[in-house]
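Please treat every number below as a calculation from the coordinates, not as lab data. The model shown is predicted, which means the values in this text are computed figures rather than measured ones. Please note: Cβ atoms are built from the backbone with ideal geometry, for glycine as well, and neighbour counts cover all protein chains shown.
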Amino acid sequence: MPIIYFVRDSIREMFRGGMVYWLWLISLVGITAWGLGYYVEQLENGLVVTGMSDQVSWGFYLANFAFFVGVAASSVLLIIPAYIFHRVEIKRVVLIAEGMAAAAVIVAMLFVVVDLGRPDRMWHAIPFIGRFNFPISILAWDMLVLGGYLFLNVAIPFYVHYCHYCNREPVFNFYFPVVIIAIFWAISIHTVTAFMFSANSARPFWHTALLGPRFIASAFVSGPALIILTMQFIRRFTDYPVSQEVIKTTALIMTVALQISLFFVGVELFTDFYNESTHAASIRYLFFGLEGLDSLRPWIWTALILNVVGLIILMIHPLREKMLTLNIACISTTIGIWIEKGMGLVVPGFIPTPLGEIHEYTPTIVEYGISIGIFALGILLFTLMAKASIAIELGKVRYQRVRGANEQHTD
Amino acid sequence: MNKENNEENLNLSRRKFIGGIGATGAVALSAGAWGGKTLQDALGDLFQDHYQRMTPEEIKEVLARIERKAKSDYGAEIKCENTPPREKVLFGYALNIAKCKGYRDCVHACVKENNHGRDSQTQYIRVLEMPNGTTDLEKSDHYYNHEQVPQDGKYYLPVQCMQCADPPCVKACPVSATWAEPDGIVVVDYDWCIGCRYCMTACPYWARHFNWTTPRIPPEEVNPQTHYLGNRPRPRGVVEKCHFCIQRTRKGLQPACMDACPTGARIFGNLLDPKSEIRYVLENKTVFRLKEELGTDPKFWYFTD
């Protein structure tokens, strides 16, 4: 059975590498274990070890959740130009992008799991065995679309890699429709995640039709930014060909998305502040503070500055073409969007409370520890998937060759 | 008592031991879920079905287990019932803000009646001190602490679960752990809630509260008359809310907050009974509801004389 060899050889490839590679893996495992230690502490003592409260009942975990759903969605959306515009050089990064999407979905799901008060009861959400409130609950929708998306982004690369492993071309008519489904699915996961927030008429800060478009636009910034950074890593540490064209196209997508994203921010600011109603209390708290309390203010202004710096670099062509400045733009906008969509979006929705109380939220060391652990796990998963993917795509791991070696061995 | 203490210590050291291994699954099982004494009880906790899906026999078993757990966790003898809703009853509440003086007797009676954790500070009722001349909740003071109430220039607005007829919290729950009962009370199955807190996000009245830590009550302060969907001891990591004192009102008693109110500001009753006092208020007084524009159809009205 070649499929067994495929799985075995892929796993073997994942753990084959030089000193630097192993150091990389070991440090990621180490950080994950360190984060797990904090999770054990949280399980033992309850969510009281977080900075969350009845007033601000979602915090850093859900903030990261929103961000990583965006990364997951946008990395697959990069496939659109590859197929629509027949950009061959982008097709090459599609598999990497799907690996990133799969890792990002897992990270997003883990951020929901660590946020649960009763993870031991997760089975309650399994349809029929548990009681899955579908289609009424938007959170149920979110679980469903994220699960489906994970499946798609594991299934497509699995099939394509398997074909390549067996020295044949994947059947286009067989997998292309699935790719199209994945593209629509990508938009759906991020839209549903936005709906999860905007559905709450009790929270005027989120209750805006612009939230969905804002989510998609900002995802198209952070996803491509991470792809550009990752591609350079891959180019430096492997023989995988990553053409400058790919990076140029991705940077262009990112530029347009960032312009739209910042325009949306401006639209929100105008609508909320021109005739300021009580519904604007959250956004006032976010940007300026209320009643002397302003713990989110440094976050959002940092985000705004980082995004504007990124935009300036991206809009000046020579700067966008130069790798150093492009990288600065990628890093600054990734952090900028991470704040804007995380701490800057989730937390102010809770401040003030529906009863007008202003109660601030600061993440605790446990929340940071668990989150960093999940980041590390996500990077680890992506590294392993990319390692196997690249080896198969470069023809280093092939069925024939392996079988030949095996036969020699048994002889 | 001594033996119980020993067992409690054993239980604790076992928790520590399992925690030390770091097997997360085991920790999840031991922390919180393993409150009972026997493995059978622990497994019963873990695999308990949804309240609405259990047979009468299964519910009986669960109620007995809850009573055993109250004994082992709190050292208290309780009676846990599941009194069903009565026919042709739909509960509603009306509150006279002209009479409310901000004493917070309702708040404290509620804490006692509903077995709230004494350290966790969970309270179902928030009395807002409002400056005269406005209904803007952002101008309210939640933590007023005067020598004497009422204060000049203030009025008082108690807020609790409005038992909405179209509750956004119920829609939000991904596992249907919360629902509206036929008598209009929005309840939570504390043994089914996964603790995602999406309902807290959805509630326009900030009526839902989460057990961030295990609620603790001194044994002598535990109210022994409990209801499965009401004031029975809650586990850690789940959401709870005002349930119109389901353990009392389904037996024809008044909710504890109404009982405790010294000014007679609170009127609770059956909306389907044309002769009830609440119907009189709704028909003859100028009433308003909080955030009515959100369309959740709350069953809690405010009025003035």
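For the reader, a short list of remarks on this structure follows.
- The mean number of partner chain beta-carbon atoms within 10 angstrom of a residue's beta-carbon across peptide A:124-133 is 5.
- Inter-site label distance for residue A:316 and residue A:159 at 7 Å from Cα along Cβ, in nm: 4.7 nm
- Separation in nanometres of the label points that stand 7 Å from Cα toward Cβ, at residue A:235 and residue A:8: 3.8 nm
- Segment A:308-345: trypsin sites (Lys or Arg not before Pro) in DSSP loop, at most 16 other beta carbons within 10 Å: A:322
- Trypsin sites (Lys or Arg not before Pro) lying in DSSP loop within segment A:115-209, provided at most 15 other Cβ fall within 10 Å: A:168
- Residue-averaged 222 nm ellipticity for the protein assembly as shown, from DSSP H runs of 4+ at -39500 (n - 2.57), nearest 500: -18000 deg cm²/dmol
- Three semi-axes of the equivalent ellipsoid, chain B, Cα gyration tensor, whole Å, largest first: 36, 21, 18
- Reachable aspartates and glutamates from residue B:275, criterion Cα separation under 14 angstrom, eight or more residues apart if same chain: B:283
- Kirkwood hydrodynamic radius of the protein assembly as shown, from inverse mean 1/r over distinct Cα pairs, in Å: 27.9 Å
- Sites listed here are chymotrypsin sites (Phe, Trp or Tyr not before Pro) in segment B:117-211 whose DSSP assignment is loop and whose Cβ has at most 14 other Cβ atoms within 10 Å: B:143.
- Considering only GluC sites (Glu not before Pro) in DSSP loops that have at most 12 other Cβ atoms within 10 Å, the longest stretch of chain A without any of them is A:1-275.
- Residues with amide H under 5 Å from that of residue B:175, placed H, sequence gap 5 or more: A:133
- Given 14 as the ceiling on other Cβ atoms within 10 Å, longest exposed-site-free region of chain A for chymotrypsin sites (Phe, Trp or Tyr not before Pro) in DSSP loops: A:129-411
- Across B:99/B:291; B:101/B:291; B:79/B:291; B:71/B:299; B:60/B:88; B:139/B:251, pairs whose alpha-carbon gap is larger than 30 Å: B:79/B:291; B:71/B:299; B:139/B:251
- Cβ charges +1 (Lys, Arg) and -1 (Asp, Glu), total dipole of segment A:149-305, debye: 280 debye
- Lysine pairs in chain A with Cα atoms under 18 Å, if 8 or more residues apart or on separate chains: 4
- Comparing A:164, A:190, A:317 in a Gaussian network model of chain A, where Cα atoms under 10 Å apart are tied by springs, the biggest mean-square fluctuation is seen for A:317.
- Within the shell defined by Cβ-Cβ distances under 12 Å, the residues around residue B:162 carry a net charge of +2, with Lys and Arg each +1 and Asp and Glu each -1.
- Among beta bridges from DSSP that stay inside the protein assembly as shown, the antiparallel ones total about 75%.
- Across the options A:317, B:296, A:212, the greatest Cα extent toward the positive end of the charge dipole of the protein assembly as shown (unit charges at beta carbon of Lys, Arg, Asp, Glu) belongs to A:317.
- With a Förster radius of 41 Å applied to the C-beta separation of residue A:301 and residue B:297, the computed FRET efficiency comes to 0.50.
- Long-range HN-HN contacts of residue B:161 with modeled amide H, under 5 Å: B:242
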